[in-house]
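J.: Quick one: the structure is below, and I'll ask about it shortly.
Laboratory data are not the source of any read-out in this text; all were calculated from the coordinates shown. No experiment lies behind these values; they were computed from the predicted model shown. Quick reminder, even Gly has a Cβ in these numbers, built from the backbone with ideal geometry, and neighbours come from all protein chains shown.
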Amino acid sequence: MLPFHVLQYYTLLGLDWTGPKFWFVHPIWYFEWLGIQRLDPALAALALATLLIATTTFALGYRTRLSAVVCLVAIALLKGMRDSVAGDVHHRELVPFAVLFLFAFSRCGDVDSLDARRRPETRELEEWESSWPIKAAQLHIASFYFWSGLAKWRMTGWDWIRDGERLQVLLLNRSFRFGIGPDGEPEGNPLALWFSHQTELLILLALATFVMELGFHLVLWMRAAGLRALFLGGVTLFHVANYVLMKVKFVFLPVVFAVFFDLSPLLDRIAPVLGRRSARGTE
Amino acid sequence: MNKRSVAWLLAVHALVVWLAVPFRIDEFRLTWAPMYAIQPAEAPERRSVVLKDRERLEREGWRAVRADGGEEWVRRADLNVAPRNMWRLYYERSWGHPPPRFKHKNSGGATLDRWWLGIAPGEPIFVENWERALLVSVNETLGRAPGAPDFIVELHAERVRMHFSSETLERLPDTRETARLRWRTEWNAGSAR
């Protein structure tokens, strides 16, 4: 998650630490409650450094649950400082935040971790204790996509699909929003401009987005690891394409798929094949 | 935690999170509505894109008029905000254009959240005076109080909109738009927020 967090908040590092502290135009709800009115660039940099350190210690299993709580506080602070400036609320931390929240209540640091080495006498983990945070995280990730599809449906209905107009507007916007360069090409991604001309393809992509988002819960019932990998691979491609074409910063989110949706049976099946190939290669 | 407390935690968590769906609570960390679903075309016969002139925001920004009649530029560096935030402030809020979640919340007719809040179907739920919010923000950031000669009473913004035909996406003539935000004396008495 380190690159994910950096991508979300790196812009806050470009601010002048000793410069003016911006008075928020529309603070996020918990800043409003806490009376936080200004963006403090030095505090933002400190919070980002803390988040990166806590993410590392969480991954290593050092003071795991405490690290999860520190991550939650740092994310809330950073997100508040970034989003309160103009009143937009970006939801890219929704999945990591929910997962860390659930893990903070679990025994996630009790095995295969630095914590386990420090406290070898810890009671053995029961099956339900290790599985509930993973199952809950799976459900939350699937729900995250479902809510997205539901909101799209509520706002646009069939217009999202009908003539590809919504996606066309988005792609045009992302390719031309910084104007036209000296070579006559849009300053944004020229591929986005090419896509904006492909109406049939846009309709297909819009339909696929709807199906993927509204049907994401089906992945919870997919027993074949290959099918699961195919579906999640498609979603990963969706996020990568969104980033390349439109700079939508969910690009590192698919890391949660590899963590929470068990793809090990597929790897077990592939590993011997790869092993045979590499053995043949060394002969 | 024992099995019972985990079951309670998950039940309460699921209840809170899923209740937010029918009530359309798009607040972190409850449900979310994507920002990208709310951009319909300006008109059926054409598509449009607002140009974001990054250099202009660094060099000039808003043209501000002070209470003493003097003028100055308010650039991104003066406010010390990230470039993306500056675009949103300058190219969206200056024109009273709200964040997408406002549009999500205010859309629709007879919704459950309107019924709960006692708001008539179709009436907006989120209302914000962006003109005032922006002027308060700029003045507070620069440390200027109402009544002071250097208090900023007007902000002027300008933007270019590119147009394309919806049939062939052929370029049509651009249009230039201006926004003028003006401080009203009745706002002097109110709190900053």
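J.: Express the relative contact order of chain A as a whole percentage, based on alpha carbon pairs under 8 Å and six or more residues apart in sequence. Before the final figure, lay out the partial values.
T.: Details: 318 pairs, mean separation 42.9, N = 283.
Relative contact order of chain A: 15 percent.
J.: When a/c reaches 1.5 or more, the comparison of a/b and b/c decides; with that in mind, is the range A:68-217 rounded, prolate or oblate per its Cα gyration tensor? The partial results should precede the final answer.
T.: Numbers: a/c = 2.89, a/b = 2.00, b/c = 1.45.
In terms of gyration-tensor shape, prolate.
J.: Add -39500 (n - 2.57) for each DSSP H run of 4 or more in the protein assembly as shown, then divide by its residues: what number comes out at 222 nm, to the nearest 500 deg cm²/dmol? List each step's numbers first, then the result.
T.: Values: 20 runs with 240 residues, N = 476.
Value at 222 nm, helices only, nearest 500: -15500 deg cm²/dmol.
J.: Relative contact order for chain B: what is it in percent, counting Cα pairs under 8 Å that are at least 6 residues apart?
T.: 24
J.: Once both labels are modelled 7 Å past Cα along the beta-carbon direction, what's the A:ARG223-A:ALA116 spacing in nm?
T.: My value for the distance between the label points is 2.9 nm.
J.: Suppose every Lys and Arg Cβ carries +1 and every Asp and Glu Cβ carries -1, with no other charges. What dipole size does chain A come out with about its Cα centre, to the nearest 20 debye?
T.: Values: 27 positive and 25 negative charges, 63 e Å.
Computed about the Cα centre, the dipole is about 300 debye.
J.: Moving to a separate point now. Taking each pair of different alpha-carbon atoms in chain A once, compute 1/r for the pair, average those values, and report the inverse of that mean as the Kirkwood hydrodynamic radius in Å to one decimal.
T.: Numbers: mean 1/r = 0.0460 Å⁻¹.
Its Kirkwood hydrodynamic radius stands at 21.7 Å.
J.: Distance between the C-alpha centers of the range A:125-178 and the range A:237-274? Whole Å please.
T.: 16
J.: Turning to a different aspect of this structure: Could you list log10 I(q)/I(0) for the range B:56-159 at q = 0.15 Å⁻¹, which the Debye formula gives when each Cα is one point scatterer?
T.: -0.69
J.: If we count every other residue with Cβ under 12 angstrom of B:LEU181's Cβ, Lys/Arg +1 and Asp/Glu -1, where does the sum land?
T.: Details: positive: B:ARG63, B:ARG93, B:ARG132, B:ARG180, B:ARG182, B:ARG184; negative: B:GLU131, B:GLU154.
Summing Lys and Arg as +1 and Asp and Glu as -1 gives +4.
J.: Sticking with this structure for a sec: Could you tell me the largest-minus-smallest coordinate of the C-alpha atoms of the protein assembly as shown on each of the three principal axes, in descending order and whole angstroms?
T.: So the extents along the principal axes, rounded to whole Å, are 77, 55, 52.
J.: Once the Cα gyration tensor of the range A:1-66 is found, what semi-axes does its equivalent ellipsoid get, as square roots of 5 times the eigenvalues, in whole Å, sorted largest first? Write out the running numbers ahead of the final one.
T.: Numbers: eigenvalues 130, 46, 21 Å².
Rounded to whole Å, the semi-axes are 25, 15, 10.
J.: Let me ask you something else. At 7 Å along Cα-to-Cβ for each site, give me the label-to-label distance between B:ARG184 and A:ALA241 in nm.
T.: So the two model labels end up 4.8 nm from each other.
J.: On to the next question. Looking at the range B:38-122, which trypsin sites (Lys or Arg not before Pro) are DSSP coil and have at most 10 other C-beta atoms within 10 Å of their C-beta? Let's see the in-between values first.
T.: Working: sites: B:ARG46, B:ARG47, B:LYS52, B:ARG54, B:ARG56, B:ARG59, B:ARG63, B:ARG66, B:ARG75, B:ARG76, B:ARG84, B:ARG88, B:ARG93, B:ARG101, B:LYS103, B:LYS105, B:ARG114; in loops: B:LYS52, B:ARG75.
Hits after loop and neighbour filter: nothing returned.
J.: Show me the trypsin sites (Lys or Arg not before Pro) within the range A:173-246 that DSSP assigns to loop and that have at most 10 other Cβ atoms within 10 Å of their Cβ. Please report the intermediate quantities before stating the final value.
T.: Numbers: sites: A:ARG174, A:ARG177, A:ARG223, A:ARG228; in loops: A:ARG177, A:ARG223.
In loop regions of the range A:173-246 (DSSP not H, G, I, E or B), the sparsely surrounded trypsin sites (Lys or Arg not before Pro) are A:ARG223.
J.: Here's another thing I want to ask about it. Suppose we look only past 26 Å in the calculated P(r) of the range A:9-129. What percent of the Cα-Cα pairs does that tail hold? If you can, show how the numbers build up before the last one.
T.: Numbers: 2263 of 7260 pairs.
Beyond 26 Å sits 31 percent of the P(r) for the range A:9-129.
J.: Oh, and also: For the range A:1-109, build the charge dipole from Cβ charges (+1 Lys, Arg; -1 Asp, Glu) around the Cα centre, then report which of A:VAL89, A:ALA68, A:LEU13 sits farthest towards its positive end.
T.: The residue sitting farthest along the positive end of the dipole is A:ALA68.
J.: If you don't mind, there's one more thing I want to ask. What does the charge dipole of the range B:1-115 about its Cα centre add up to, to the nearest 20 debye, if the Cβ of each Lys and Arg holds +1 and the Cβ of each Asp and Glu holds -1?
T.: Values: 21 positive and 14 negative charges, 110 e Å.
With only Lys, Arg, Asp and Glu charged at Cβ, the dipole is about 520 debye.
J.: Counting other Cβ atoms within 10 Å, which trypsin sites (Lys or Arg not before Pro) in the range A:83-141 have at most 16 and lie in a DSSP loop? Show your work: numbers first, answer last.
T.: Working: sites: A:ARG92, A:ARG107, A:ARG117, A:ARG118, A:ARG123, A:LYS135; in loops: A:ARG92, A:ARG107, A:ARG123.
Those that pass, being in a loop and sparsely packed, are A:ARG123.
J.: Right, next: So how far, in whole Å, is the C-alpha centre of the range A:34-109 from the one of the range A:181-202?
T.: Centre-to-centre (Cα) distance: 36 Å.
J.: Do me a favour and compute the ellipsoid semi-axes for the range B:109-193 from its Cα gyration tensor, root of five times each eigenvalue, largest one first, whole Å.
T.: Values: eigenvalues 209, 159, 15 Å².
In descending order the semi-axes read 32, 28, 9 Å.
J.: Which of the listed residues, B:TRP187, B:GLY122, B:GLY96, is farthest toward the dipole's positive end in the range B:52-193, when Lys, Arg count +1 and Asp, Glu count -1 at the beta-carbon?
T.: Selected residue: B:GLY122.
J.: Let me ask something else about it. Just to compare against my own numbers: the Cα pair-distance distribution for chain B, 5 Å bins, whole % per bin, please.
T.: Final binned percentages: 1, 6, 11, 13, 13, 13, 13, 11, 8, 4, 3, 2, 1, 0.
J.: Related question: Using the C-alpha atoms of the range B:35-106, what convex hull volume per residue, in cubic angstrom, is computed?
T.: Details: hull volume 9.7 nm³, N = 72.
Convex hull of Cα atoms, per residue: 135 Å³.
J.: Suppose every K and R has +1 on its Cβ and every D and E has -1 on its Cβ; what is the size of the dipole of the protein assembly as shown about the Cα centre, in Debye to the nearest 20? Walk me through the numbers before you get to the answer.
T.: Working: 58 positive and 51 negative charges, 162 e Å.
Its charge dipole is roughly 780 debye.
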